[in-house]
2 protein chains.
Amino acid sequence: MRRYFPILEWLAVYDKPTFGADLLAALIVTIMLIPQSLAYALLAGLPAEVGLYASIAPLLLYAVFGTSRTLAVGPVAVVSLMTAAAVGQIAAQGTAEYLGAAIAMAVLSGLMLLGMGLLRLGFIANFLSHPVISGFISASAVLIAVGQLPGILGIAAPGHTLVAVVTGILSGISGLNPFTLLLGGFALGFLWWARTRLKAVLLRAGVRPGLATVIVRAAPVLAVALTTLATWGFGLAAHGVAVVGDIPTGLPMPALPPLDPALWQAILLPAALISLVGYVETVSVAQTLAAKRRQRIDPDQELVALGAANIGAGLSGGFPVTGGFARSVVNFDAGAQTPAAGAFTALAMALATLFLTPLLSHLPKATLAATIIVAVLGLVDLAAIRRVWASNRADFAAMAVTILLTLLVGVEAGIAAGVALSILLHLYRTSQPHVAVIGQVQGTEHFRNVRRHTVTTVPDVLALRIDEALYFPNARFLEDTLLGAIAEDKAIRHVVLNCVAVNDIDSSAVESLEAINTRLHDAGVQLHLAEVKGPVMDRLLRTHLLHDLTGTVYLTMYDAMLALAPKAARDCRALPRCETAKP
Amino acid sequence: MRRYFPILEWLAVYDKPTFGADLLAALIVTIMLIPQSLAYALLAGLPAEVGLYASIAPLLLYAVFGTSRTLAVGPVAVVSLMTAAAVGQIAAQGTAEYLGAAIAMAVLSGLMLLGMGLLRLGFIANFLSHPVISGFISASAVLIAVGQLPGILGIAAPGHTLVAVVTGILSGISGLNPFTLLLGGFALGFLWWARTRLKAVLLRAGVRPGLATVIVRAAPVLAVALTTLATWGFGLAAHGVAVVGDIPTGLPMPALPPLDPALWQAILLPAALISLVGYVETVSVAQTLAAKRRQRIDPDQELVALGAANIGAGLSGGFPVTGGFARSVVNFDAGAQTPAAGAFTALAMALATLFLTPLLSHLPKATLAATIIVAVLGLVDLAAIRRVWASNRADFAAMAVTILLTLLVGVEAGIAAGVALSILLHLYRTSQPHVAVIGQVQGTEHFRNVRRHTVTTVPDVLALRIDEALYFPNARFLEDTLLGAIAEDKAIRHVVLNCVAVNDIDSSAVESLEAINTRLHDAGVQLHLAEVKGPVMDRLLRTHLLHDLTGTVYLTMYDAMLALAPKAARDCRALPRCETAKP
């Protein structure tokens, strides 16, 4: 029961100090969430109030089902962009079909997450490697930031790829609206200054660090208030400044999403990708924060919680949500102790929806564009790109393809290509495994690669260590390698396969070993195995190989050498230890 | 030069005894090939002469480019079935478009094989695992045999799946032609008897074994001759017995395939699958036969040779060819010494095309159907299915899916699903690696799983062996496992990761290890590595992990224990060796 309703665990011991801490954190997160929820709704191509709706029910549901104490669920930039890209292919922005498709996307993605959670399929998310997700988020952030420039300039430039947006800006630049640019430029400059400098200024002015942090967090609200006032006071909407306009007052009404099978089929793949990306982001944020306080999260239950949150989002007129990095960190820093903080945020957002919306009708969209740009630029991680480049070229290839395709073709192509390429590179690598000729390290019973260490070998015994599971992609490679080695050196009478790094063996590999065994026998060479691990031995016992094997299976490599070349092995063991690594 | 033209190697030393041996083998193969080439052309839904055309140019080209001394190239059953299934989706059987598509398929498949050979991409074929290809060939053979029953019964029952063919037979059974059934039944019974009993009968009658074998091989030609004579003599064609009819006399004229881009696009995927299956069959037959005579083949050059053969087939009006199992074995057994035997077969087939075709017009199609049934039933390998079931359930799953989809949906679905499922099962397995707690085997410096062996462990040192490459699908698993183990046992002060089975490490895993290192440090636990292999160490040296590591990297596990628990390690080493495996 507690596994599926983690709320039972913390609610039983909920006390007054925890309540105070959660309430303070909730207020700070709300200040951040009001402009962000409106902005991300616009980013997704939806009416502003959809952002507010997506910030109520999902937060309450996550508080019931979530295992992270500090994760802040709600609209986030990358998933909003993915929603816009997917829904934009089905319906035109501004239509009822567009809104309906976004709502259906939330429900379908929620059902997928819930299903994966109940079937405990969280491991699927592991196939999104760190370099791919990191490259994807960086590229999406660039795409989002560039996509907001038309909003700041006061021109219309639709499109979901870098080329489309930049072309749109260049061709529309002559029609820019100076008032919009003024407001947007001010908001952008102010928010950037607040983000990078304000805290230091406040601290120097003697403000307490805690209060200074809250003031910095409130900067977007201040930008919203100032630009809204200016727009209202000078009547700028009449001069072509795009404003949010009338937002319906009142809480969202529960409603079913459109139940058109063709629509659901069309959003199947995008919903799966949104679920995957949202889940990976959620789990990595939740795990990072939980570790800092020695707490643990349950990744499979997180699927259930995120699924419930998205179903709740859809049924209350909202769009797909996930656990966001920035707001979760703020929630954590502000001292949130339990998911109740999220529930309090939901209540505060509900109050805002009831009472603040009339004040927002003169809010310029350019301010929200500026909010988005400043928020997402923090997601661009150039250091990660450099780090991966320096350490692993295959990973870098997957990362680079993800980034380029995301920017040039679109988010879905980028993420799908990244996953596919990382799997293909892995398969290619395991199809050509590393095989080392090994010898005994003097003064030990240990065997190492002859190319990297000065070791003792015996002419008539070829000891090989195969550094890979033996399975179908490399079964033929094994045959080629072994028979080639025998053909080259006629002195060999024994081949010992050190299987310590053979982590699995399948039917194809067993057939190859059978063939190798027969051919070596024909050539007067015995085949031995050493250090075969338990799971692999279990498999071999169910085949004929051990019965047909011309040689012996030894527990250790040293045992094998004691049997095949006892004097050499003992002499080597008796030598003193020394540094044997080759340069 | 010799690498791309293996003919230069054997032609230089060609002598009279070799010529005699090759000529004899060529004659025996030709006797087998005449009825088979006609039959497989009909199986592919093509006019009978297309089979003859596919048995001339391809054999000459393979003789120039092939590295196998004994492989017999030409039309084979499984590839003919795949051609029929693919081309049947594009055009109606009997039309010029159908023939054109089959010819284009040969050329495209040839170009693909040639390209893969020049790029040395032969390893791609390894992704077709033994159980998948074995299941696919067995299922195709059943499909082919059942698909020939309408031909024996004298009814029309088109379709490429088991259900379609069986339904067709049941609904058409009332219209069966008794004369056709008589001829077909006789041919089937005679061929089966010849295959299973004739040799013993001949040997008992005192015929020399060599001659007996030739007579058995000639049985299909005898069946062809007898049933053709009967059909001609009794004028059975007028009673509804389907005959091959007039075959154009003369050699095929070189011609380009249809150059319609839409057609080439439609056959792209089927051509890739045909190439893959044909290549895998070719290489496994060629390797098996080469090994028996201590010869070697070059798998990449085989791609070039098979590519040239298929391009040649297409440009001379033939359909896709490959190296067949049955005829290659006959060629080998008959004593073929060089690919010249194939060239002689081609010449004999050309003579047959020039002079024998008038005799074939009264040949009943039912006889060819019987030839096909008897030929393919030998391909059904039930023992392989039982063997895989007994030894490896994951492999069996891939095999079973391949068999079921091939029979019920079609050949392309079957082979594609088999490949995809074997890759997915591998990825799933590596995402949940085997992790063993290890301890020292007494009397040795060797460490084994505590669950399988009676070993010595120390309370404050947790020694773990991870039996998998550390990469993105299992990066999170590693974190969960290690942090879980530490949370369970508060006595642990040192964790030693034995990396002997870690065959690779990617950026995702390095980040996970960094996180693990930090979290263990926070918990007062040191992280050590032991037995890190060369390629993995090279990767780690390009990251920050070794710099940040709280513990040490040891050459051997025993070194680690000597440093962390010296007395226990030495005491254990000094104990006598004994059997420690747990039951």
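It is to be established whether one or more residues within segment B:300-309 are open to solvent by 20 Å² or more (accessible area, probe 1.4 Å), more than 13 Å from chain A (Cβ to nearest Cβ) and within 24 Å of B:LEU38 (Cβ to Cβ). Checked segment B:300-309: no residue is open to solvent by 20 Å² or more (accessible area, probe 1.4 Å), more than 13 Å from chain A (Cβ to nearest Cβ) and within 24 Å of B:LEU38 (Cβ to Cβ). Among the residues making up segment B:548-583, those that are of a type in the set (Ser, Thr, Tyr), in the same structural domain as B:LEU520 (by TED's automatic domain parsing) and over 30 Å from A:ARG386 (Cβ atoms) are B:TYR554, B:THR556, B:TYR558.
Checked against the criteria, A:ASN177 does not count as within 14 Å of chain B (Cβ to nearest Cβ) and over 30 Å from A:PRO254 (Cα atoms). For segment B:448-461, the candidate set comprises residues that are more than 10 Å from chain A (Cβ to nearest Cβ) and in contact with a Lys or Arg (Cβ under 6 Å, 6 or more places away or on another chain); within that set, the residue that is farthest from B:ALA563 (Cα to Cα) is B:VAL455.
Which of the residues that make up segment A:127-142 are among the hydroxyl-bearing types (Ser, Thr, Tyr) and within 14 Å of chain B (Cβ to nearest Cβ)? Selection gives A:SER129, A:SER134. Condition check: assigned to a helix (DSSP H, G or I) and among the aliphatic types (A, V, I, L, M). Does B:ALA343 satisfy that? Yes. Comparison of B:GLY154, B:GLY185 shows that the only residue that is within 16 Å of B:THR371 (Cα to Cα), surrounded by fewer than 18 Cβ atoms within 10 Å (Cβ to Cβ) and not aromatic (Phe, Trp, Tyr) is B:GLY185.
State whether the residues of segment A:114-126 include one that is open to solvent by less than 60 Å² (accessible area, probe 1.4 Å), closer than 27 Å to A:SER422 by Cβ, free of Cβ contacts under 8 Å to residues at least 40 places away in the same chain and within 14 Å of chain B (Cβ to nearest Cβ). Checking segment A:114-126: at least one residue is open to solvent by less than 60 Å² (accessible area, probe 1.4 Å), closer than 27 Å to A:SER422 by Cβ, free of Cβ contacts under 8 Å to residues at least 40 places away in the same chain and within 14 Å of chain B (Cβ to nearest Cβ).
Applying the condition of being of a type outside the set (Ser, Thr, Tyr) and under 16 Å from the mean Cα position of the chain (by Cα) to segment B:402-412 and asking which residue is nearest to A:LEU541 (Cα to Cα) yields B:ILE403.
Listed here are the residues, each with its yes/no results for (1) surrounded by fewer than 16 Cβ atoms within 10 Å (Cβ to Cβ); (2) assigned to a loop (DSSP other than H, G, I, E, B); (3) more than 14 Å from every other protein chain (Cβ to nearest Cβ).
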{"residue": "B:LEU351", "(1), (2), (3)": "yes, no, yes"}
{"residue": "B:PRO358", "(1), (2), (3)": "yes, no, yes"}
{"residue": "B:ARG386", "(1), (2), (3)": "yes, no, no"}
{"residue": "B:LEU405", "(1), (2), (3)": "no, no, yes"}
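Residues in segment A:492-538 that are facing another protein chain (nearest Cβ under 9 Å), in contact with a helix residue (DSSP H, G or I) (Cβ under 7 Å, 6 or more places away or on another chain) and of a type in the set (D, E, K, R) were compared, and the one that is surrounded by the most Cβ atoms within 10 Å (Cβ to Cβ) is A:ASP506.
Where the second residue is of a type in the set (D, E, K, R) and in a strand (DSSP E or B) and the first is in the same structural domain as B:TYR558 (by TED's automatic domain parsing) and lies in segment B:472-500, which pairs have Cβ atoms under 6 Å and are six or more apart or on separate chains? Every condition considered, the pairs that remain are B:ASN498/B:ARG465. The number of residues in segment A:188-200 that are open to solvent by less than 60 Å² (accessible area, probe 1.4 Å) and not hydrophobic (A, V, I, L, M, F, W, C) comes to 1. Evaluate the following for B:LEU545: is it at the interface with another protein chain (Cβ under 10 Å from one of its Cβ atoms) and under 22 Å from A:VAL388 (Cβ atoms)? Yes; evaluated as a whole, the condition is true for this residue. All conditions in (1) over 25 Å from the mean Cα position of the chain (by Cα); (2) touching a residue at least 40 places away in the same chain (Cβ under 8 Å) hold for A:SER37, with the sole exception of (1).
For segment A:418-425, the count of residues that are within 17 Å of A:SER134 (Cα to Cα), open to solvent by less than 40 Å² (accessible area, probe 1.4 Å) and more than 8 Å from chain B (Cβ to nearest Cβ) is nonzero. Listed by position, the helices (runs of 4 or more DSSP H) contained in segment A:239-322 that have at least 2 residues being under 20 Å from the mean Cα position of the chain (by Cα) and modelled with pLDDT under 90 are A:268-292, A:299-315. Going residue by residue through segment A:232-245, is there one that turns out to be open to solvent by 60 Å² or more (accessible area, probe 1.4 Å), in contact with a His (Cβ under 7 Å, 6 or more places away or on another chain) and closer than 30 Å to A:PRO358 by Cβ? Yes: segment A:232-245 contains one or more residues that are open to solvent by 60 Å² or more (accessible area, probe 1.4 Å), in contact with a His (Cβ under 7 Å, 6 or more places away or on another chain) and closer than 30 Å to A:PRO358 by Cβ. For B:THR367, the conditions (1) open to solvent by 10 Å² or more (accessible area, probe 1.4 Å); (2) at pLDDT 90 or above all hold with the exception of (1). Scanning segment B:462-491 for residues that are within 8 Å of chain A (Cβ to nearest Cβ), among the aliphatic types (A, V, I, L, M) and in a loop (DSSP other than H, G, I, E, B) turns up just one, B:ALA469. Taking the conditions (1) part of a helix (DSSP H, G or I); (2) of a type in the set (A, V, I, L, M); (3) within 35 Å of the chain's Cα centre (by Cα) in turn, B:ALA501 satisfies each one other than (1).
Return yes when B:PRO252 is surrounded by fewer than 24 Cβ atoms within 10 Å (Cβ to Cβ) and away from every other protein chain (no Cβ under 14 Å) and no when it is not. Give the steps one after another, and end with the answer.
Details: surrounded by fewer than 24 Cβ atoms within 10 Å (Cβ to Cβ): yes; away from every other protein chain (no Cβ under 14 Å): yes.
Yes: the conditions hold for B:PRO252.
For segment B:285-321, filtering for residues that are without any contact (Cβ under 8 Å) to a residue 60 or more places away in the chain and either not basic (Lys, Arg) or not assigned by TED's automatic domain parsing to the domain that holds B:ILE137 (or both) leaves 3. Among the residues of segment A:426-447, those identified as open to solvent by less than 30 Å² (accessible area, probe 1.4 Å) and more than 8 Å from chain B (Cβ to nearest Cβ) are A:ILE438, A:GLY439, A:GLN440, A:GLY443, A:PHE447. When B:GLY410, B:GLY443, B:GLY484 are checked against the criterion of being out of contact with any strand residue (DSSP E or B) (no Cβ under 9 Å at 6 or more places or on another chain) and over 30 Å from B:VAL553 (Cβ atoms), B:GLY410 stands alone in meeting it.
May I ask you to list the residues in segment B:1-49 that are assigned to a loop (DSSP other than H, G, I, E, B) and either at pLDDT below 90 or in contact with a strand residue (DSSP E or B) (Cβ under 7 Å, 6 or more places away or on another chain) (or both)? If you could, list the steps in order and put the result at the bottom.
Within segment B:1-49, the subset assigned to a loop (DSSP other than H, G, I, E, B) is B:1-6, B:12-15, B:44-47.
Hits for segment B:1-49 are B:MET1, B:ARG2, B:ARG3, B:TYR4, B:PHE5, B:PRO6, B:ALA12, B:VAL13.
With the condition kept exactly as written, say whether any residue in segment A:430-449 is modelled with pLDDT of 90 or more, part of a loop (DSSP other than H, G, I, E, B) and among the aliphatic types (A, V, I, L, M). No: zero hits.
Within segment A:119-210, considering only helices (runs of 4 or more DSSP H) that don't extend past its boundaries, which have at least 3 residues that are closer than 23 Å to A:GLY88 by Cβ? Steps first, answer last, please.
Details: elements: A:130-153, A:162-172, A:178-193, A:199-204.
Those helices (runs of 4 or more DSSP H) span A:130-153, A:162-172.
The values are calculated or read from the model by the stated rules, or taken from the named source; none is laboratory data. Since the model is a prediction, treat every value here as computed from it, not as a measurement. Don't worry about glycine lacking a Cβ; one is built from the backbone with ideal geometry, like all the others, and counts go over all protein chains shown. These area figures cover heavy atoms from the full protein model, side chains too; ligands, DNA and RNA do not enter into them. Shrake-Rupley method; radii C 1.70, N 1.55, O 1.52, S 1.80 Å.
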